[in-house]
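Student: Sending over a structure as structure tokens; questions will come in a sec.
The values are calculated or read from the model by the stated rules, or taken from the named source; none is laboratory data. Everything numeric in this text was worked out from a predicted model, so none of it was measured. With ideal geometry, Cβ positions are generated from the backbone for all residues, glycine too; neighbour counts draw on all protein chains shown. These area figures cover heavy atoms from the full protein model, side chains too; ligands, DNA and RNA do not enter into them. Shrake-Rupley method; radii C 1.70, N 1.55, O 1.52, S 1.80 Å.
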Amino acid sequence: MKANYLADVYGYEVFIITEKQFGNKPFYELSDKIKHIDLGLDYDGLTGSSLLKSVINRIVLKRRQKRFLKNILEDIKADIVISTFFSEASILPSIHDGSRKILEIHFCRGVKMMYAKAFRFSFVKKCLYYIQQSIDEHIIVPKYDRFITLTEEDKQRWRTIIPNVAAIPNILTFNNTGLVGLEAKQIIAVGRLDAQKGFDRLINIWAKVCCHFDWNLKIVGAGCDHDKLQDLIKAKNVEAYTTLIPPTQFIYEEFCSSSIFVMTSRYEGLPMVMLEAMSCSLPCIAYDFKCGPRDIITNGYNGFICKEDDEQDFANKLSLLITNQELRLKMGLNARASVQKYKAEIIMPKWKKLFEEIIEK
């Protein structure tokens, strides 16, 4: 959406460089004005190799990636190059093509440590992730001309070590203009079925609530924890009140046929699904995970933020919204109004201003 806006509205010349598209059509539609270049480098293919073999192959891929990027960037002669903090992040500052370099993080500070903890890595693997986290924060990030976070909360956490940090949130993907009655006896949660999204925590909470009400929890997503979550649903005896469905292109309709949105992630960057749900007038209940809820939710106004791992508080807030339609409607209208600040016409001028400032320097 940002790339399309830069090309179609601002008339910028935009290139998108990917690692491993391998000729596949992009999932989201790109403007015809955008030029796409794929490097054909499959880092994911290293998964499952022995540690030594994986390290050697990664070094080889890194060298190849740097050579490819150097040739491309020297040919493009871009004014600005943006990394979204994947494998290219450690490479771009060493390519002296005359461009200004911007690093944009789509998660939050400490994400590698949170990832290692959430997915219960071995001690050795966890240590490696902690070391990489330190390298990211103290070696890679300071080399960029500007560092961008998605939330003000995360910006403040980074400012202790990075002075040139700014917060620019993502764009609201769709905007509901109709009124929602919030009469449906359905609660919705959306995301990958893995440790990060914390649906195990949600099911534990739901088990405290569902037996008291004739409501259903619908979890929309797919992932490696599907069977584990299905087993937990059975173990908690909430099968009659809980539905797991695969990802759908009609998520807008799912939101509009629900009355409450819930989120129990262990970490995020800026949860787009929360913005989408709130744009459909859904009041939101979320744990106080890093980062996102504090930027989006005003506690008691457009939703509730619950203390991390306080299942009873979350269950109480959920019960309150279930039993009080008037409160749901009030919070839902506030939710829809509060996310209007994430519209493209408000967010994209921030990028334009940033580009102009960084080039003038």
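Student: Could you give P(r) for the range 193-326, binned at 10 Å from zero, as whole percent values over all Cα-Cα pairs?
Tutor: Spelled out per bin, shortest first, that is 12, 45, 39, 4.
Student: Which are the unpartnered cysteines of the chain, meaning those with no other cysteine Cβ under 4.7 Å from their Cβ?
Tutor: C127, C210, C211, C224, C256, C280, C284, C306
Student: Picking from E311, E13, E88, which is most flexible by a Gaussian network model of the chain using Cα springs under 10 Å?
Tutor: E13
Student: Another question, if that's okay. Which value, in debye to the nearest 20, gives the size of the charge dipole of the range 103-214 about its Cα centre, when Lys and Arg are +1 and Asp and Glu are -1 at the Cβ?
Tutor: It works out to roughly 460 debye.
Student: Give the Kirkwood hydrodynamic radius (Å, one decimal) of the range 47-149, defined as one over the mean of 1/r across all pairs of different Cα atoms.
Tutor: With all distinct Cα pairs of the range 47-149 included, I get 15.1 Å.
Student: Please name which of I140, Y115, C211 has its Cα lying farthest along the dipole of the chain towards the positive end, using unit charges on Cβ (Lys, Arg +1; Asp, Glu -1) and the Cα centre as origin.
Tutor: The listed residue farthest towards the positive side: I140.
Student: In degrees from 0 to 90, rounded to the nearest 10, what is the angle of the helix 311-323 Cα long axis to the longest principal axis of the chain?
Tutor: On a 0 to 90 degree scale, this one is about 60.
Student: By how many nm would the segment from K341 to K143 grow when fully extended, if each residue of separation counts as 0.36 nm and the alpha-carbon distance is taken off?
Tutor: Numbers: separation 198, 0.36 × 198 = 71.28 nm, distance 3.09 nm.
Result for the pair: 68.2 nm of gain on full extension.
Student: Under 1.5 on a/c is rounded, so check that first for the range 308-352, then, if it is not, pick prolate when a/b is larger than b/c and oblate when it is not; a ≥ b ≥ c are the square roots of the alpha carbon gyration tensor eigenvalues.
Tutor: On the way: a/c = 7.56, a/b = 1.99, b/c = 3.79.
Oblate is the answer for the range 308-352, as a/c is 1.5 or above yet b/c matches or exceeds a/b.
Student: Next question. What residue among G45, S31, G11 has its Cα farthest toward the positive end of the dipole of the range 1-55, where the charges are +1 on Lys, Arg and -1 on Asp, Glu, each on the Cβ?
Tutor: Result: G45, furthest along the dipole toward the positive end.
Student: Under the rule of at least 5 residues apart or a separate chain, name every residue whose amide H is placed under 5 Å from the amide H of H36.
Tutor: Those qualifying (amide H under 5 Å, at least 5 residues apart or on another chain) are I16.
Student: Something else about it: With charges only on Cβ, +1 for K and R and -1 for D and E, what is the dipole size of the chain about its Cα centre, in debye, rounded to 20?
Tutor: Values: 50 positive and 44 negative charges, 206 e Å.
Roughly 980 debye for the chain.
Student: So, one more: Can you work out the FRET efficiency for the pair K330 and R58, with r the C-beta to C-beta distance and R0 = 56 Å, to the nearest 0.05?
Tutor: Between K330 and R58 the formula returns 0.60.
Student: Taking the structure as given and computing Cα extents along the principal axes in Å, which label from (1) 63, 48, 42; (2) 59, 43, 38; (3) 120, 43, 32 fits?
Tutor: (1)
Student: Go through H96, H106, H138 and list them by solvent-accessible area, largest first, probe radius 1.4 Å. Don't skip to the end; give the middle numbers.
Tutor: Details: H96 160, H106 65, H138 105 Å².
Final ranking, largest accessible area leading: H96, H138, H106.
Student: Further question: Between Y342, Y252, Y43, find the one with the highest GNM mean-square fluctuation for the chain; connect C-alpha pairs within less than 10 Å.
Tutor: Of the options given, Y43 has the highest mean-square fluctuation.
Student: Work out, in µm²/s and without decimals, the Stokes-Einstein translational diffusion coefficient of the range 16-107 at 25 °C, 0.890 mPa s, Rh from Kirkwood over C-alpha pairs.
Tutor: Details: Rh = 14.6 Å.
My calculation gives 169 µm²/s for D.
Student: Quick check: the angle from helix 325-338's long axis to the longest principal axis of the chain, C-alpha only, nearest 10 degrees?
Tutor: Between the helix axis and the principal axis of the chain, the angle is about 20 degrees.
Student: By how many nm would the segment from I161 to S31 lengthen if fully extended, with 0.36 nm per residue of separation less the alpha-carbon distance?
Tutor: 43.1 nm
Student: How far apart, in nm, are the 7 Å Cα→Cβ label points at I80 and Y252?
Tutor: If labels sit at I80 and Y252, their model points lie 2.9 nm apart.
Student: While we're on this one: Please state the relative contact order of the chain as a whole percent: Cα pairs under 8 Å, 6+ residues apart?
Tutor: 14 percent
Student: For E345, what accessible surface area do you get with a 1.4 Å probe? Give it in Å², rounded to 10.
Tutor: Counting only protein heavy atoms, E345 exposes about 110 Å² to solvent.
Student: What pairs from K112/K197; K20/K352; K33/K290; K117/K228 go past 24 Å between their alpha carbons?
Tutor: K20/K352; K33/K290
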